1. Quick one: which of GLY70, GLY84, GLY45 is on the phi < 0 side of the Ramachandran plot and surrounded by fewer than 24 Cβ atoms within 10 Å (Cβ to Cβ)?
2. Would you confirm whether any residue within the stretch 35-47 is modelled with pLDDT under 95, more than 17 Å from the chain's Cα centre (by Cα) and more than 19 Å from GLU110 (Cβ to Cβ)?
3. Tell me the residue from ALA262, ALA239, ALA254 that is of a type in the set (A, V, I, L, M), within 14 Å of GLU304 (Cβ to Cβ) and crowded, with 23+ Cβ neighbours inside 10 Å, please.
4. Take the stretch 252-288 and flag every residue that is farther than 23 Å from PHE142 by Cα, assigned to a helix (DSSP H, G or I) and not β-branched (Val, Ile, Thr).
5. In the stretch 77-95, what count of residues is obtained for those that are modelled with pLDDT of 95 or more and among the β-branched types (Val, Ile, Thr)?
6. Consider the stretch 175-207. How many of its residues are in contact with a Lys or Arg (Cβ under 9 Å, 6 or more places away or on another chain) and farther than 23 Å from GLY222 by Cα?
7. Hey, GLY16 hits all of (1) assigned to a strand (DSSP E or B); (2) on the phi > 0 side of the Ramachandran plot; (3) not hydrophobic (A, V, I, L, M, F, W, C) but one; which does it fall short on?
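The values are calculated or read from the model by the stated rules, or taken from the named source; none is laboratory data. Only a predicted model underlies this, so the values are computations on that prediction, with no experimental measurement involved. Don't worry about glycine lacking a Cβ; one is built from the backbone with ideal geometry, like all the others, and counts go over all protein chains shown.
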Amino acid sequence: MSTILVVGTYAIDFVGSYPRSFSTLPEPKALNLSIQLGGMRKGFGGCAMNIAVTLHRLGHHAIPFADVGGEMDADYALHLNEVGIDQRGLTRSGADALSAHALILTDPEENQFTAFYAGEPRKNFRSDLQALMDSLADSIDFVVIAPVEPQYMIPAANICRERGLSFLCDPGQCTTAFSPDDCEALVEASSAICFNRFEHEIFENHVENLDQRLDLTVVTEGSNGVRFKSNDSWYHERAAQPRQRIDPTGCGDAFRSGLVHAHLLNAPWRDAVRAGCVLATINLEHLGTQSHDPVDFKERYFNEWNDRPGWLEDSA
């Protein structure tokens, strides 16, 4: 399998469940609104960590590059040790620094409100990333630049391009932090970007000829499936069908993991998108972003698409 560097975030998630649809909430006359939750749980998150854990469980050597604040959460550290994640890319900021935290509120219709605190500024981001890449020498097969603020994502893309590394970008939930100039800079540095529909619209508004400038554009649309552009043509794949719907948190990260997994096994992009849909569905069937273990991925792919391509037999 492949060695994959995953650049992004480590975070402690606090996930709350709202018992009714968000659409039933009153429209406040001012931006002051209080809601009562039906439940709350602590989880292990951060896009780099979510993707790395899934890729690891798919058989790859996945190395997350993220900052854990002053000290890694003890429960999270135990979890990563049990999973067997390579932690050499996890950096620590000042002793009193708080790590990234996410507050995620979900309703029964799988709508979500997310508030994300990114942690302390990473002053040595570029030098730390380059040092990690140097230590890995020529062993990096692929880089995933997961959702993170533009001041980190853009330099990471430029470093990958300078070093001739293949990579996929996904601005994700950090898209709202991108200025028009940031959007232009990321597209200029990249050849493959994954969006959801909302994120794609933002980039389209800021970047002229967005899709024509990318070799691969992937646009996820939830239950409506995925649109993707490759070789100057657009295609569509339906969503995979879940056995049950438990928690949508982290489905985007699981999709990216499946997409990259299949791509690195030389699958065509249609199959890679299908693989992403299967992994997103497996994630949807579990609580949290790192609790799923895709041991039945091959059979789930075959049962979903009635297809057993050669690359799938090489999958873990």
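1. Going through GLY70, GLY84, GLY45 in turn, just one is on the phi < 0 side of the Ramachandran plot and surrounded by fewer than 24 Cβ atoms within 10 Å (Cβ to Cβ): GLY70.
2. yes
3. Values: ALA239 fails: crowded, with 23+ Cβ neighbours inside 10 Å; ALA254 fails: within 14 Å of GLU304 (Cβ to Cβ).
Testing whether each residue is of a type in the set (A, V, I, L, M), within 14 Å of GLU304 (Cβ to Cβ) and crowded, with 23+ Cβ neighbours inside 10 Å leaves just ALA262.
4. Passing the criteria: only LEU284.
5. Count: 2.
6. Going residue by residue through the stretch 175-207, those that are in contact with a Lys or Arg (Cβ under 9 Å, 6 or more places away or on another chain) are 187-191, 194, 197, 200, 207.
Narrowing further to those that are farther than 23 Å from GLY222 by Cα: 187-191, 207.
Counting residues in the stretch 175-207 that are in contact with a Lys or Arg (Cβ under 9 Å, 6 or more places away or on another chain) and farther than 23 Å from GLY222 by Cα gives 6.
7. Only one criterion in (1) assigned to a strand (DSSP E or B); (2) on the phi > 0 side of the Ramachandran plot; (3) not hydrophobic (A, V, I, L, M, F, W, C) is unmet by GLY16, namely (2).
Yes/no matrix, rows are residues, columns are (1) of a type in the set (Lys, Arg); (2) free of Cβ contacts under 8 Å to residues at least 12 places away in the same chain; (3) farther than 18 Å from LEU80 by Cα:
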residue	(1), (2), (3)
VAL6	no, no, no
TYR18	no, no, yes
SER21	no, no, yes
THR24	no, yes, yes
SER34	no, yes, yes
MET40	no, no, yes
GLY46	no, no, no
